[in-house]
Amino acid sequence: MSQNIENHLIEDREFLPSEEFRSKARISSMEQYNEMYKESIEQPDVFWAREANELQWSKPWDEVLDWQPPNAKWFVGGELNVAENCVDRHVAAGRGDKAAIIWEGEPGDKLTLSYKQLQDEVCKMANVLESRGVEKGQRVLIYMPMIPEASIAMLACARIGAIHSVVFGGFSAESILDRLEDCKAEAVITADGGWRRGSIVPLKASVDAALEKYAGVKTCVVVKRTENEIDMVAGRDVWWHEMAAVASNEHEAKSFDSETPLFILYTSGSTGKPKGILHSSGGYLTGAYTTCKYIFDMREEDVYWCTADVGWITGHSYITYGPLAMGATQLMYEGAPNFPDFGRFWQMIEAYKVSIFYTAPTAIRAFIKAGDAFPEANDLSSLRLLGTVGEPINPEAWMWYYNKIGGGRCPIVDTWWQTETGAIMIAPLPGCTPIKPGTCTQPFFGVEAVILDEEGEEVGANEGGRLMIRKPWPSMLRGIYGDPQRFQETYWNDFEGIYTVGDGARRDEKGNFWIVGRLDDVLNVSGHRLGTAEVESALVAHPTVAEAAVVGRPHEIKGQAVVAFVTLKQGIEATAELEKELRNHVGQVIGAIAKPDEVYCTPVLPKTRSGKIMRRLLKELVATGEVTGNVTTLEDFTVIEDLQKKIKS
Ligand code: 6R9
């Protein structure tokens, strides 16, 4: 991390949009940005009312914001239907034939859905859910591959006021079970399977395993995707295609209060239990819409592609809700970026003439490693804007992306935000903000981002501190589902009324933000958050493990790799097989992304005299091979010496 900061301090390359890009952009000068930013901070009511008014409301709000820290209500008293805004509104405006989703499956199958067709599908799904007794306020768990039905399922829930909770298809049956139990879901929407690197991911089998231990689900809608053999439980499980064949494509959407919960999305925190981040309707949609409009500068003729999965917040805000609220045309892809090889993305960009491309630094690093021949084999001249999200981007990766993919002509929007923030918070505006490799640059409208020290004082230019947000913003989280106390403690206890981000950052003399990384025990593995405590509790759940400590180690492609240290129960022998079994065990409990890259069995873990595991030392050890930091509180130094030998061997 300190190396990161040094890199940033010497970074002096700066890029401006071309005159052509600038002249067409919605915001084309820093003066315009500064003026709008000032208004958004000083008169948020005026600013956000104007933005929200571009959406369709069936009842106007009485008040823009009601802020009683930590509880915010936006567009109080207003009523809307989120799905109508994302779909019907465009059909009604005569854009029904416009492509909404252009989809490509991993095996190469293709499908385009116009806004009218999307409307038909969403209405059918809404009718099916209602016919199965799903009602407003009930929780629906969605566990899907990246197929249009994933967004259709989300929009159908939104349409009827049900709260969806999408679980990433790479998570395990146990993770599904935890989430079902936490949000007390009453329905599930899944598929028989999905394609990933040429194999079928058996999604329905994982759902079945979870439902064996959770009886609350009365209906499970199954989309046929892979023709995979699956079990159907009579009475509970129904095939989507059978229901859709007889369902009406007309569905009258009710209007819901602006603060109606829209979804719960689980994310890792510093304890073993993921947090169910709750988002609501009017403010969230306004945030997703406005950021698409200004940061991606989306146009009628753009073909936009976000490579995230709908199982993450990026897929919620920048696949399902934001682009569809804008009425954009987007590409959706089911499979892996390297299937059948690392040329897949570039072929698709050429084939579909993608103009805006949004991906993650970890993918960019993997592409760099695969070699320039892949992108060079395709015509990428349709691209006009690039984006990144998920973790800090290293300057080398940024430059490669800028030159090799963007041809030196496309601005890069490095977008900093979180599951909790709902929408992008800090990012360049592509028509005006000077961009530099490694910085997400300036706060978006309405975002008062500050860097504070331990006492809550603002630090000076280039001094590191904690990133915090002073003012409420429309798409902010409304709580942790079922746990107001954890909501207060996690986000609002540092300083009164100020949102704690959990990231360390600094701001340079020009006002650009440089994110350093998480300050809590959360790792960032391939752009995904993973709590060390979650992995530790998975490990200690194994019958052979007594104690576990998990830390992150810098990793060339993934950003961070997961390294686990475990002590075994009395009489259990440490073997290479056991280490392998423990890796797989974590994969089974949480999902493949959580599998430790390395597992070290050790007779003891380094602890303080009061018995706390010193993860700081382990972190240094795995990063550098030795420990140089302060070890005065360590109980027994020989532990470190032994581990040092082990890691070197
Ligand atoms: C959208 C998303 C949030 C955490 C966040 C930060 C890291 C995200 C970043 C970034 C540097 C960026 N992060 N974007 N760090 N530059 N452009 O990723 O949400 O999965 O909740 O992760 O990711 O550490 O706190 P989420």
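The packing ranking of peptides 274-281, 406-413, highest mean first, is 274-281, 406-413, where packing means the average number of other beta carbon atoms within 10 angstrom of each residue. The charge dipole of segment 356-478, taken about its Cα centre with unit charges on the Cβ atoms of Lys, Arg (+1), Asp and Glu (-1) only, comes to about 540 debye. Taking every alpha-carbon pair under 8 Å whose residues sit at least 6 apart, segment 358-458 reaches a relative contact order of 22 percent.
Using a Förster distance of 30 Å, how high is the FRET efficiency between residue 19 and residue 98, based on the Cβ-Cβ distance and rounded to 0.05? Show your work: numbers first, answer last.
Values: r = 29 Å, r/R0 = 0.98.
Calculated value: 0.55.
Placing R0 at 25 angstrom, the Cβ-Cβ distance between residue 200 and residue 135 gives a FRET efficiency of 0.15 after rounding to 0.05.
Between residue 616 and residue 633, the modelled label-to-label distance comes to 0.6 nm, taking each label 7 Å out from Cα in the direction of the beta carbon. Secondary structure note: in segment 383-467, about 55% of the DSSP beta bridges are antiparallel. A straight chain from residue 604 to residue 249 at 0.36 nm per residue would run longer than the Cα-Cα distance by 121.5 nm. If only the Cβ of Lys and Arg carry +1 and only the Cβ of Asp and Glu carry -1, the dipole of the chain around its Cα centre is close to 620 debye. Between the listed residues 371, 622, 644, the Cα displaced farthest toward the positive end of the dipole of the chain, a dipole computed from Cβ unit charges relative to the Cα centre, is found at 371.
Which residues in segment 502-519 place their backbone N less than 14 Å from a point set 7 Å from the Cα of residue 38 along the Cα-to-Cβ direction? Output list for this probe position: empty. Toward the positive end of the charge dipole of the chain, with +1 on the Cβ of Lys and Arg and -1 on the Cβ of Asp and Glu, the farthest Cα among 83, 249, 437 is that of 249.
Beyond a 32 Å Cα-Cα separation, which of these cross-linked pairs lie in this structure: 24/98; 59/510; 353/595; 59/124; 116/275; 24/224? Where the Cα-Cα span goes over 32 Å, the pairs concerned are 59/510; 353/595; 116/275; 24/224.
Annotation: amide H-H contacts under 5 Å for residue 614 (H modelled 1.01 Å from N, sequence separation of 5 or more, or interchain): 607, 608.
Report the antiparallel proportion of the DSSP beta bridges in the chain as a percent, rounded to a multiple of 5.
Values: 60 of 99 bridges.
Beta bridges within the chain, antiparallel portion: roughly 60 percent.
Each of 68, 491, 415 was scored by the projection of its Cα onto the charge dipole of the chain, and the greatest displacement toward the positive side belongs to 415; charges sit on the C-beta of Lys, Arg, Asp and Glu. Each Lys and Arg Cβ is given +1 and each Asp and Glu Cβ -1; about its Cα centre, segment 593-649 then shows a dipole of about 200 debye. Here the Karplus curve 6.51 cos²θ - 1.76 cosθ + 1.60, taken at θ = phi - 60°, turns the phi angles of segment 389-395 into couplings of 7, x, 6, x, 9, 6, x Hz, with x standing for Gly and Pro. For residue 523, the amide hydrogen comes within under 5 Å of the amide hydrogens of 530, 531, 532, counting only partners 5 or more places away or on other chains and with H modelled in the peptide plane. Once you keep just the Cα pairs under 8 angstrom separated by 6 or more residues, what percentage relative contact order results for segment 180-243? Computed value for segment 180-243: 37 percent relative contact order.
For the pair residue 29 and residue 229, label points projected 7 Å from Cα toward Cβ lie 7.0 nm apart. Remark: segment 362-374, residue by residue, has Karplus-estimated 3J(HN,Hα) of 4, 5, 4, 5, 5, 5, 4, 5, 6, x, 5, 4, 5 Hz, where x stands for each Gly or Pro and the curve is 6.51 cos²θ - 1.76 cosθ + 1.60 at θ = phi - 60°. For residue 546, nonlocal amide neighbours, meaning residues 5 or more places apart or on other chains whose placed amide H falls under 5 Å from its own, are 567, 568, 569.
In whole Å, how far is the Cα centre of segment 46-69 from that of segment 523-567? For segment 46-69 versus segment 523-567, the Cα centre distance is 43 Å. Sorting 318-326, 514-522 by average packing, meaning the other beta carbons within 10 Å per residue, from highest down gives 318-326, 514-522. Rounded to the nearest Hz, the phi-derived 3J(HN,Hα) couplings of segment 90-107 under the Karplus curve 6.51 cos²θ - 1.76 cosθ + 1.60 (θ = phi - 60°) are 6, 5, 4, 7, x, 10, x, 8, 5, 5, 8, 10, 9, 10, 10, x, 4, x, where x marks glycine and proline.
Between residue 62 and residue 575, the modelled label-to-label distance comes to 7.0 nm, taking each label 7 Å out from Cα in the direction of the beta carbon.
Values quoted throughout were computed directly from the atomic coordinates according to the rules given, and no laboratory measurement underlies them. These numbers were taken from a predicted model, which means no experiment stands behind them. Ideal geometry is used to build each Cβ from the backbone, glycine not excepted, and the neighbour counts take in all protein chains shown.
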